[in-house]
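Asker: Here's a structure for you.
The values are calculated or read from the model by the stated rules, or taken from the named source; none is laboratory data. What you are looking at is a predicted structure, and each value in this text was computed from that prediction instead of being measured. Backbone-built Cβ (ideal geometry, glycine too); neighbour counts: all protein chains shown. Heavy atoms of the whole protein, side chains included, go into the accessibility calculation; ligands, DNA and RNA do not. Shrake-Rupley method; radii C 1.70, N 1.55, O 1.52, S 1.80 Å.
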Amino acid sequence: MTGERRARGSLAILIGGAVLGIAAVVVYWFASHEEEAWVSWNSLHAVMLAAMGVAAGVAIGSSAEVRRWTTWESILTAVLGGVIGILFWLWGLFWELLEFIKAGIPGYGYAVRDLFYGLWFLAAIMVPYIVRRPGAALSAEMVGAIISSLLGQQWGLTVLISGLAQGGLAEVVFALRGYKHYDWLTLMAASAGAALGSWIVDYAFWYNTLRVDIVILMLIARFISAAVLSGWLGKALSDALAATGVLDNTALGRARIGG
Amino acid sequence: MEGLLNYYAADSFIHRLNPTLKLAGIMALMVAVTMAFDPWTPLAFFLLGLFMLKVLARVPVRQFIRPLLLFVVLGALGFISANAFFYTPLPGRPVTILWQAGGVRIILEGIRVGISLTLRMLAIVTLSILFVSTTDPTDFVLSLIQQARFPFRLGYGILVAYRFLPLWRTELEIIRAAHRIRGAGERPTLRGRWEQLQRYAVPLLASAIRKSERVAIAMDSKAFGALPQRTYYRDVHVRPMDWAFLAGCVLAAAAIVWGMAQLGLLEGYGVVPEA
């Protein structure tokens, strides 16, 4: 992939995200400042709407980019996303064991449990690290979400919205780095982006009645978890796979061979 | 692969709906239910979902009772306990403290909200079961491509991934056998399982990658996506009925919220406690 196409891809995705993110907040501002406004301005709502707008804009930008992928890149993204989707689903069952542990701690159990949350961003880190194409993070995370929701998760179809927010905010990080750098810094920042996306959606759907300090602790726990269970694990797994030679015909494999 | 939910092949009003518009309608109901904090509104949405599942889609109870019960028990434990301890009151509302010791207190309103959240989860799970059990996954992906402008390359990739799902279990068995025959045993302890996970993950993913490379080569050799115009082996259509369903879902959500407000059961709908 040439540098020019990479630059165009990152531009399309960043502009899409910025436009829809700003548009969401502007529409909300006007709606809440009407004469007879039926909604009142709420900063948390504004942040959530902005994040969802960014994710939606990134999705539109990405879908234009995905059309330019080769068949191999798209099948690889989907199959890896699908296998990780099974892992997401199994992790959802494991998560329910943590529910008992959490209920047993009359304290900060919610935040403690979120230390295990990070695995759900694995697709958004591992696949772009291997495929290195604009749109890979969002695509893989969405495939994982679709497959795990079809297998039946306790959060139902809301995981599709989570997938969009997690993949979308991770994608923003890869786009900001111009799809050129896949170093530790990028992977860690992308997993933090995905963690933020997950937190925003979960807050909206499940946690908006909890005390603010607990919710902030949950966000911090997710940052830590994301760094380990998707940032570090995603890179380690990809590098181990690349060492077997099966990824020689991917961007990661070529980067290893060609330097 | 047997998931917790599965497609239930049948012919009904809900089965015949266009998957994308069905998803949009169900999503509208889900978003509407998340803004409620009283127990009655999610209960109404849950009953609506159950009605659609049982009467309109004619899905037998045995098909959905197991996942429903599982998620209800687990969800109830989590949400009720969490909110009893860590509830944020809505602005300007008093809280009733049931029990207090040091920094830990149990709040009556929190338990109430916990029940509301459990019912919210019930409603969301029921609506999700409605979608998954009445939608053929292949039609779902084809509809995403044809109606939602989902990139077709990725869409076909998802179909491949979905087709491969049952294969991974067989593949895992082969890898385990290969490890055992070389004397690498398995231990049932937690630590043993963790080691096995590490040992099996790379070969399993490597085989998935090899398979997808072969599929991609086969697709390319048949000129997949080579020409600008696309044809599909199955066309998924949008009929007026699909739009009617979407409109019906939005109206039903509005009617429930309005009705609850009339009955005086609605509390703080759409209000999020300010940080």
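Asker: Got at least one residue in the range B:224-241 being hydrophobic (A, V, I, L, M, F, W, C), open to solvent by 80 Å² or more (accessible area, probe 1.4 Å) and part of a helix (DSSP H, G or I)?
Answerer: yes
Asker: Take residue A:40 and tell me if it is at pLDDT below 90 and not in a helix (DSSP H, G or I).
Answerer: yes
Asker: Output yes when any residue across the range B:51-68 is more than 21 Å from residue A:148 (Cα to Cα), of a type in the set (Gly, Ala, Ser), touching a helix residue (DSSP H, G or I) at 6+ places or on another chain (Cβ under 7 Å) and within 14 Å of another protein chain (Cβ to nearest Cβ), and no when none is.
Answerer: For the range B:51-68, residues more than 21 Å from residue A:148 (Cα to Cα), of a type in the set (Gly, Ala, Ser), touching a helix residue (DSSP H, G or I) at 6+ places or on another chain (Cβ under 7 Å) and within 14 Å of another protein chain (Cβ to nearest Cβ): absent.
Asker: So the check is Cβ under 7 Å with 6+ separation or different chains; which pairs have a first residue in the range A:65-86 that's within 7 Å of another protein chain (Cβ to nearest Cβ) and a second one that's acidic (Asp, Glu)?
Answerer: Within 7 Å, the pairs are A:71/B:220; A:72/B:213.
Asker: Out of the residues in the range B:3-48 that are under 17 Å from residue B:119 (Cβ atoms) and outside any helix (DSSP H, G or I), state the one that is most open to solvent (accessible area, probe 1.4 Å).
Answerer: If we take residues in the range B:3-48 being under 17 Å from residue B:119 (Cβ atoms) and outside any helix (DSSP H, G or I), then B:35 is most open to solvent (accessible area, probe 1.4 Å).
Asker: Can you confirm whether the range B:161-175 contains a residue that is facing chain A (nearest Cβ under 9 Å), in contact with a Ser or Thr (Cβ under 7 Å, 6 or more places away or on another chain) and buried (at least 16 other Cβ atoms within 10 Å of the Cβ)?
Answerer: No - not one qualifying residue is present in the range B:161-175.
Asker: Further question on the same structure: So in the range A:207-245, with the set limited to residues that are within 7 Å of another protein chain (Cβ to nearest Cβ) and either assigned to a helix (DSSP H, G or I) or modelled with pLDDT of 90 or more (or both), which one is farthest from residue B:202 (Cα to Cα)?
Answerer: That would be A:212.
Asker: Suppose the filter is within 14 Å of chain A (Cβ to nearest Cβ) and either closer than 26 Å to residue B:254 by Cβ or at pLDDT below 85 (or both); does residue B:13 pass it? Lay out the reasoning, then the answer.
Answerer: On the way: within 14 Å of chain A (Cβ to nearest Cβ): no; either closer than 26 Å to residue B:254 by Cβ or at pLDDT below 85 (or both): yes.
So residue B:13 fails the test.
Asker: Here is a follow-up. Residue by residue through the range B:133-160, note down the ones that are within 10 Å of chain A (Cβ to nearest Cβ) and among the charged types (D, E, K, R).
Answerer: Those that are within 10 Å of chain A (Cβ to nearest Cβ) and among the charged types (D, E, K, R): B:149, B:153.
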